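Right, one structure below, let's go through it.
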Amino acid sequence: MSHPQKYENVRQISPASDGGRGSIEELTSAQERQLVRRIDWHLMPVLFLSYALQLMDKTSLAYSAMLGIKTDLHLVGQQYSWVSSIFYIGYLAASYPMSIGFVKFPLAKYLSFLTGAWGVVLVLHALAQNYAGLMVLRVFLGICESALTPGFSLITGMWYTPREQVARHLIWTMGNCFGEVIGSLLSYAILQYAGDFAQWKILFVLFGLITVVWSIFLWFYLPDSADCAHFLSPSERKVASLRPKKFQRTTQTGVWERAQCVEVLRDPKSWWFLVFMFILMVPSGGVTAFSTIIVHSLGFNQEITILLGLAAVPFQLITFAVVGLTTTFVRRARLNSIVGLYLVSLVGVLLVKLLPEDRKWGRVVGFWLVRSYMPMLPLTLTLFSSNTAGFTKKSTTAAMMFIGYCVGNLVGPQFFVASEAPNYQTAYTTWIFCFVLTIALAMGMRAYLNWQNRSRDLVYEI
């Protein structure tokens, strides 16, 4: 009799097999560590840099706000907020179709093609002449980018065991920090340009071309699965492919299983992931679109505003490091880490909201603390990946999560009411509410998973 699935800290439930071709060969601990290191060195830098580019492209609108796009395209009132929000309407519309694509097409080639497509769309932003044209381009950008994060989460689940997934999700999500560094430096350099071609147009062309070139590299380098990994020997491919199956079925099957889809809709965890992701992304949507505008409104000029984006990176790296070490060496620590990080973010938003306007340095530090929530996305993704078995079930739950992701990011910028500038009190109050609610949701899920595990232990003992 096999062990039931353990939630939050999944255990092996059955010996892996390869569909009749033989069982997974035994490895010593040293051999397995060597194999995992080889996989890490070939996959993690690629996913890390890809995620850095996505962050650069998503925040290109925030950088362009410092480079003149609002003036040149005559964006007034809530139009800038809608330019940011409309991106996630495209993202939302594409979430479910993209999840089917994960099953039907070779995963790496699929993601590489979409990466190139979003790079082309980003270049086309330089041709925008008005608000309407920019809105259309943002929709298509959202469509093209919608596959990357869930796709990377699926790749991580296909290559790594649940115990290994938290650290790997954190590694490639840390690309956000690198992307912010590169984006800030390139934006600062563009700010020094004094020619006739608009600075914000240079930004979009440069960021887009970098992404297109990278997509070509991805097409030829990133393997669709362990079975065709060019950096592994035939025997290593077999072992790497079967390792995750010791815990749950994570291999891409090419078949959409209706029963698993129905199971998702009946599972309370699936709906928790949707709601939690929505609440999580409401502040994130506002930060992505208004990060430079918030810092600028605190009393800093354009150059300092862009460079302060670099100063925020150490705060983010510290949170990633603390969370990575905690979740690696402490069992079932992900939900507790979420609570801790949101307590830090709550302190940060209170500093921004309550400190006097002349305390601009204290308020900007508060804004950096707000952004301590950045490891939340990989933590949530690993909770989903390690507590969801079956490729169709994973793909469907991923689609639900990213519906919440899109809607949260869509409504987030709308809480920045133009008439309240430069002190966006409605937005800051909304952030406080979201931070408190996510803490409550995380604690509730902790209790639910404990109850599920106890129930399964009783069934197994019987």
Seminar exercise, completed: If we ask which residues in region 311-338 are loosely packed, with under 15 Cβ neighbours inside 10 Å and touching a residue at least 24 places away in the same chain (Cβ under 8 Å), their number turns out to be 4
Seminar exercise, completed: Within region 190-223, residues touching a residue at least 12 places away in the same chain (Cβ under 8 Å) and charged (D, E, K, R) come out as 201
Exercise. If residue 332 satisfies every condition in (1) on the phi > 0 side of the Ramachandran plot; (2) touching a Ser or Thr at 6+ places or on another chain (Cβ under 7 Å) but one, which is the exception?
Worked result: (2)
Exercise. Given (1) closer than 21 Å to residue 310 by Cα; (2) in contact with a helix residue (DSSP H, G or I) (Cβ under 8 Å, 6 or more places away or on another chain), where does residue 208 come up short, assuming only one miss?
Worked result: (1)
For this session: Consider residue 92 carefully, then state whether it is among the aliphatic types (A, V, I, L, M), closer than 16 Å to residue 141 by Cβ and at pLDDT 90 or above.
Result: no
Exercise. For region 273-280, does any single residue satisfy the condition of being at pLDDT 85 or above, in a helix (DSSP H, G or I) and in contact with a His (Cβ under 6 Å, 6 or more places away or on another chain)?
Worked result: no
For this session: Could you tell me whether residue 329 is aromatic (Phe, Trp, Tyr) and farther than 23 Å from residue 186 by Cβ?
Result: yes
Seminar exercise, completed: Out of (1) crowded, with 24+ Cβ neighbours inside 10 Å; (2) at pLDDT below 90, the one residue 101 does not meet is (1)
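Residues checked against (1) modelled with pLDDT under 90; (2) within 30 Å of residue 394 (Cβ to Cβ):
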{"residue": "122", "(1), (2)": "no, yes"}
{"residue": "132", "(1), (2)": "no, no"}
{"residue": "139", "(1), (2)": "no, yes"}
{"residue": "150", "(1), (2)": "yes, yes"}
{"residue": "155", "(1), (2)": "yes, yes"}
{"residue": "173", "(1), (2)": "yes, yes"}
{"residue": "186", "(1), (2)": "no, no"}
{"residue": "194", "(1), (2)": "yes, no"}
{"residue": "197", "(1), (2)": "no, no"}
Exercise. From the list 347, 364, 370, 352, which residue is touching a Leu at 6+ places or on another chain (Cβ under 9 Å) and surrounded by fewer than 16 Cβ atoms within 10 Å (Cβ to Cβ)?
Worked result: 347
Exercise. Taking helices (runs of 4 or more DSSP H) that fall entirely within region 283-387, which contain at least 1 residues that are under 25 Å from residue 156 (Cβ atoms) and charged (D, E, K, R)?
Worked result: 334-354
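Go through region 100-142 and give me each residue that's among the β-branched types (Val, Ile, Thr) and more than 21 Å from the chain's Cα centre (by Cα).
Residues of region 100-142 that are among the β-branched types (Val, Ile, Thr), as a first pass: 100, 103, 115, 120-121, 123, 136, 139.
Those that are among the β-branched types (Val, Ile, Thr) and more than 21 Å from the chain's Cα centre (by Cα): 120, 123, 136.
Counting only residues that are buried (at least 24 other Cβ atoms within 10 Å of the Cβ) and over 18 Å from residue 79 (Cβ atoms), how many does region 274-293 have?
Residues of region 274-293 that are buried (at least 24 other Cβ atoms within 10 Å of the Cβ), as a first pass: 276-277, 280-283, 285-286, 289-290, 292.
Applying the additional criterion that residues be over 18 Å from residue 79 (Cβ atoms) yields 276-277, 280-283.
Looking only at that region, the number is 6.
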Exercise. Within region 45-59, can one find any residue that is in contact with a Leu (Cβ under 6 Å, 6 or more places away or on another chain), within 21 Å of residue 184 (Cβ to Cβ) and in contact (Cβ under 8 Å) with a residue 60 or more places away in the chain?
Worked result: yes
For this session: For region 124-138, enumerate the residues that are surrounded by 19 or more Cβ atoms within 10 Å (Cβ to Cβ), part of a helix (DSSP H, G or I), in contact (Cβ under 8 Å) with a residue 40 or more places away in the chain and not basic (Lys, Arg).
Result: 125, 134
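The values are calculated or read from the model by the stated rules, or taken from the named source; none is laboratory data. Fair warning: this is a prediction, and the values are worked out from it, not measured in the lab. Cβ sites come from the backbone with ideal geometry, for glycine too, and all protein chains shown count toward neighbours.
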